[in-house]
Amino acid sequence: MKSKIDLLILISGWISVAIIVAITFFLFYNWFPLFKTTNPIEFFFGTLWYPTAVPPFYGILPLLDATLWISTLAILITFPSAFVLAVFMTHVVPKRMQYILKVFLEIFSSMPSVILGLIGLSIVAPYFQNTLNMDTGQNILNAALMLSLITIPMPTSMMEDFINAFPPEQKEGAEALGANKFETLTKVILPGLKGPFASIAMLSLGRIFGETMIVLMVAGNAAIFPTSIFQPARVLSATIASEMGETPVDTPHFYALFGIGAVLFILTFLINVVGEIVRIKYERQMMKE
Amino acid sequence: MKKVFFVLLVLSVLSFSVFATTNIVIVGSTTVLPIAQQWAQAYMKLNPNVNISVVGNGSGNGIKALLDGVADIADSSRWMSDSEIKYAISKGFFPFPVVVSYDAIAPVVNANNPVRNLSLDQLKQIYEGKITNWSQVGGPDMSIVVVTRDNSSGTFEVWAEKVMRGGLVKPGALTVASNAEVVRAIAGNKKAIGYVGLGYLESSPNISEVAISGMKADIKAARSGSYPLARALFMITRGIPSGEVAQFVNFGLSPVGQKIVSEVGFVPIYEVK
């Protein structure tokens, strides 16, 4: 009986590996025909994205640039906010309140992103336009804010777990030496958690990178090289979402969209690999000490 | 035993229904999609033995499905291309397009913007980014925020063909995914300009139509072709339609079908009450 279950687990494990490999293969398989008609340099470094113009331009550089802008801004908002929240939950509020907050966080993190997109579109954007007199409220800042709101619960919850699970003997040791709560946090706990925090940052970045709905609704989708956070921008994932539905199959435009998917895949993969390397490096360091 | 009997019963009912129904597969333009869907629903109510499936994935994919024999009817918001017609003839049939309705689009601005009239050339220059301030076209001194549709939509196709005429929409234009989103963007931004289908002009009190050189979008002008931003919408069949497909297309062209056309916001091919 046991061997049957083992076999079942083995089979399903291999099937999921095979599916992932197949998806990857499919992405690249549908991308490479693009290079029959388009120079790879034009694809990666072209500055114009006009897939339906005559002649078409398939340059993804503005999309890459916008993705960097929005993700950078979003992670700059997300990470410190998550950290402050985690410290607030572990060090300021009483234990019972901490539990309630945690439940709220978890509910919030499972909220569909389309709802935040709608809030960004119908509340934040008009506010930016009418009160702050921006040309358009559908811009990088709005997208990054909404992205942060949907992302914050995940890193907060993880950081909180790590701070709570910090070895009590070290904490108590510090306190026994006369350190107060704040000193224990900054001098003992934080240095000890550098590794996990770095990988939490990477995980959050991965989530921000792939999030499509919010950016599609809120960022304005203009394929330009933005010069300020008050300008609209078009990211990789939103381009696939808005154009794939009506693109004729087996045309260069179709291949180019798959190319964007493949680039996105490679980027997210790299982010996760870097996150993992950082984590392992810090873990080794901890072991040595 | 009871179970076996039940399974047999279910199977026999299923097989009966499979033999009795005719399937019509409609694939193509998302612009024509609401018309095809409403027609299909009404037609299936009248003829319960007909099963119609409607898919919206763009005119190009619809025509391709028709030519490959996967679809019975292709919805298209444009005329077939030379290569598509040649491919059809090489497969041994002649594609048969039927005009099912007209579609007109109109430029719109925020209701607080006093500009109510622009020429096609001014529109082109605004969208190309050559005119960037409303004062250049007789409005107040404020920058112009250009709103456009995603470049694979049918509405954008009309705009590109009739207004841009080979020019490129400036990369800084806000790009949104539906008529309703254009309305939302324009209604909330006093500097914005956009374009929507005729059916969406009344959907918000905060948007105003802009006439093109004095001409407003209306049903008669769209039908006669005198309004510059109008086009015909097609359903294309493999050869002259026959059987259930012909019945369906006829239903669509009947007063009942054309009433549905005007209900979903398009221009019927003749006057219906």
Degrees between helix A:140-151 axis and first principal axis of chain A (Cα, 0 to 90, nearest 10): 50 degrees
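Pull out the extension gain between A:Ile20 and A:Ser110, defined as 0.36 nm times the separation in residues minus the alpha carbon to alpha carbon distance; nm, one decimal. Numbers along the way, then the final one.
Working: separation 90, 0.36 × 90 = 32.40 nm, distance 2.45 nm.
That works out to 30.0 nm of additional length.
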Go ahead and set up a Gaussian network model of chain A, Cα springs under 10 Å, then flag whichever of A:Ala262, A:Ala219, A:Ala176 fluctuates most. A:Ala176
For chain B, built as a Gaussian network whose Cα springs stay under 10 Å, the top-fluctuating residue of B:Gly252, B:Gly60, B:Gly172: B:Gly172
Quick one: helix A:61-87 against the long Cα principal axis of chain A, what's the angle to the nearest 10°, folded into 0 to 90? 20 degrees
Of the beta bridges DSSP finds with both residues in the protein assembly as shown, what % are antiparallel, to the nearest 5? 60 percent
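From other protein chains only, count the Cβ atoms within 10 Å of every residue's Cβ in A:128-139, then give the mean.
Across the residues of A:128-139, the mean count of other-chain Cβ atoms within 10 Å is 4.
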Just rank A:Phe128, A:Phe25, fewest to most, by other beta-carbon atoms within 10 angstrom. A:Phe25, A:Phe128
Other residues with Cβ under 14 Å from the Cβ of B:Ser226 give, with Lys and Arg +1 and Asp and Glu -1, a net charge of +4
Within 10 Å of each Cβ in A:13-25, the average number of Cβ atoms from other chains: 0
What dipole magnitude, in Debye to the nearest 20, does region B:130-273 give about its Cα centre under +1 on Lys/Arg Cβ and -1 on Asp/Glu Cβ? 280 debye
Highest average packing first - B:99-109, B:238-248, B:194-204, Cβ atoms within 10 Å: B:99-109, B:194-204, B:238-248
DSSP beta bridge pairing in region B:66-213, given as percent antiparallel to the nearest 5: 55 percent
Net +/- balance of residues flanking A:Met134 in space, Cβ distance below 13 Å, scoring K and R +1, D and E -1: +1
Rounded to 5, the percent of DSSP beta bridges in chain B classed as antiparallel: 60 percent
Within 10 Å of each residue's Cβ, count the other Cβ atoms and sort B:Tyr127, A:Tyr282, A:Tyr99, A:Tyr255 from fewest upward. A:Tyr99, A:Tyr282, A:Tyr255, B:Tyr127
Could you work out the relative contact order of chain B, using alpha carbon pairs under 8 angstrom and six or more residues apart, expressed as a whole percent? 26 percent
Find out how many positive minus negative residues lie around A:Thr251, taking Lys and Arg as positive, Asp and Glu as negative, among other residues whose Cβ is under 13 Å from that of A:Thr251. -2
Sequence gap at least 6, Cα distance under 8 Å: using those rules, report the relative contact order of region A:31-288 to the nearest whole percent. 27 percent
Which of A:Phe57, A:Phe45 comes first, and how do the rest follow, when ranked by fewest Cβ neighbours within 10 Å? A:Phe45, A:Phe57
On a full-extension model of 0.36 nm per residue, what is the gain between A:Glu169 and A:Val273, subtracting their alpha-carbon distance, rounded to one decimal in nm? 34.2 nm
Please check: in the Gaussian network model of chain A (C-alpha springs, under 10 Å), which one of A:Leu85, A:Leu185, A:Leu63 has the largest mean-square fluctuation. A:Leu185
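Every read-out reported here was derived from the displayed coordinates using simple, explicitly stated rules and does not represent laboratory data. All values reported here derive from a predicted model rather than from experimental measurement. Neighbour counts are summed over all protein chains in view; Cβ atoms, including those assigned to glycine, are modelled from backbone coordinates with ideal geometry.
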